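**Student:** Quick one: this structure, given as structure tokens, is what I'll be asking you about.
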Amino acid sequence: MTRSNRFMAAGLLALAATRPIAQQPAPGAPSAREIMEKNFFVSKVSTLQLDFGMSLINDRGQRRERRNTTLIKLQPNGIDSKFLIRFSDPPDIAGTALLQVEHSDGDDDLWIYLPALKKARRLVASNKKDSFAGSDFSYADIAIPKVDAYRHTLRGTEQVDGMNCWVIESVPSNDAVRSNNGYSRKVTWVRTDNFLETKVEYYDLANRRLKTQRVAQHQAVASQTGKWFALEREMTNHQTGHRTVIVATKLDGTTPIRDDVFGVRTLERP
């Protein structure tokens, strides 16, 4: 082996040593689809009200702070949820709101209200890859996608933040999902004990790593057996150096929410 080849081999070994090594799943482990189905349902809460702080941080460490209130309600079919997110601070974004109504048998309804326009605007499927309120989260990132929108492969198991996780690689099931969401594939680390995700990596349409989401402060939802919710999410865009941190400051899983809250008329109400 030449000297240059020895240096190259040493470099590759050093690089490999810095990467976590996925272990093969134990015999009898659930399939990748079963894991992602459980991941989909573990945060499908019947009702939830949250107050969030959102920090937008650029590559120089400069921060912009935002606050919003989020209401979530599960529809009678036990599969689809309704989301209403309304910003209250700072003044230049106060009143901006997003309404999403999921449909397991078709495209979701997605509406955004901008106070300057005084009218709600319906978003189309191709808007899903757009930034949500200037953050590093896209509209597609706000809610967990339908399980069969992606084809899933179990790549092994790894530890993330001390928790044992399944490593699932997911690729879009068709060109429409790929184009509308803007991802060629995703890799999700799903906890083996409660099926909540701890990390997600997103790859752009050229298969370059685009973003990483870290998920922390996993909390069981009071009075809703087997349901979990993450109180903190951090999305880092590796191509811009920008990141967004969302932290829940209040979580209420017991107070009922009226159905008429999740309507366009309510969305346009100051």
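**Student:** Mind checking which residues of segment 200-213 are in a strand (DSSP E or B) and either surrounded by fewer than 19 Cβ atoms within 10 Å (Cβ to Cβ) or not basic (Lys, Arg) (or both)? Before you say what the answer is, go through the steps one by one.
**Tutor:** Taking segment 200-213 as the starting set, the residues that turn out to be in a strand (DSSP E or B) are 200-203, 209-213.
The answer is Val200, Glu201, Tyr202, Tyr203, Arg209, Leu210, Thr212, Gln213.
**Student:** Looking at Thr236, is it of a type in the set (Val, Ile, Thr) and over 21 Å from Gln100 (Cα atoms)?
**Tutor:** Values: of a type in the set (Val, Ile, Thr): yes; over 21 Å from Gln100 (Cα atoms): yes.
It is true that Thr236 is of a type in the set (Val, Ile, Thr) and over 21 Å from Gln100 (Cα atoms).
Condition check ((1) modelled with pLDDT under 95; (2) hydroxyl-bearing (Ser, Thr, Tyr); (3) on the phi < 0 side of the Ramachandran plot) across all residues:
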site: Asn5; (1), (2), (3): yes, no, yes
site: Thr18; (1), (2), (3): yes, yes, yes
site: Asn39; (1), (2), (3): no, no, yes
site: Leu56; (1), (2), (3): no, no, yes
site: Leu98; (1), (2), (3): no, no, yes
site: Trp111; (1), (2), (3): no, no, yes
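**Student:** With respect to Asp136, determine if the residue is among the acidic types (Asp, Glu), under 30 Å from Glu65 (Cβ atoms) and at pLDDT below 95. Talk me through it step by step, then tell me what you get.
**Tutor:** Values: among the acidic types (Asp, Glu): yes; under 30 Å from Glu65 (Cβ atoms): yes; at pLDDT below 95: no.
No: the conditions fail for Asp136.
**Student:** Here are some residues: Leu210, Leu267. Which one is modelled with pLDDT of 95 or more and within 21 Å of Met54 (Cβ to Cβ)?
**Tutor:** Details: Leu267 fails: modelled with pLDDT of 95 or more.
Step by step, each of Leu210, Leu267 is checked, and only Leu210 is modelled with pLDDT of 95 or more and within 21 Å of Met54 (Cβ to Cβ).
**Student:** Another question, then. Hey, which of the strands (runs of 3 or more DSSP E) in segment 33-119, taking only ones fully inside, have at least 1 residues that are within 26 Å of Ala222 (Cα to Cα)? So that I can check it myself, show each step before the final result.
**Tutor:** On the way: elements: 47-57, 63-74, 81-89, 97-101, 109-114.
Once the strands (runs of 3 or more DSSP E) in segment 33-119 are filtered for at least 1 residues that are within 26 Å of Ala222 (Cα to Cα), what remains is 47-57, 63-74, 81-89, 97-101.
**Student:** Quick one: Pro172 ticks every box in (1) touching a residue at least 40 places away in the same chain (Cβ under 8 Å); (2) more than 24 Å from Arg243 (Cα to Cα); (3) crowded, with 19+ Cβ neighbours inside 10 Å bar one, so which box is it?
**Tutor:** The number of the failed condition is (1).
**Student:** Given the residues Ser170, Ser179, which is the only one that is modelled with pLDDT of 95 or more and in a strand (DSSP E or B)?
**Tutor:** Among Ser170, Ser179, only Ser170 is modelled with pLDDT of 95 or more and in a strand (DSSP E or B).
**Student:** Next question, about the same structure. Among the numbered criteria (1) touching a strand residue (DSSP E or B) at 6+ places or on another chain (Cβ under 6 Å); (2) without any contact (Cβ under 8 Å) to a residue 24 or more places away in the chain; (3) outside any strand (DSSP E or B), which single criterion is violated by Asn194?
**Tutor:** Going through the list (1) touching a strand residue (DSSP E or B) at 6+ places or on another chain (Cβ under 6 Å); (2) without any contact (Cβ under 8 Å) to a residue 24 or more places away in the chain; (3) outside any strand (DSSP E or B), Asn194 breaks only (2).
The values are calculated or read from the model by the stated rules, or taken from the named source; none is laboratory data. Model, not experiment: these values are computed from the prediction. Virtual Cβ from ideal backbone geometry, glycine too; neighbours counted across all protein chains shown.
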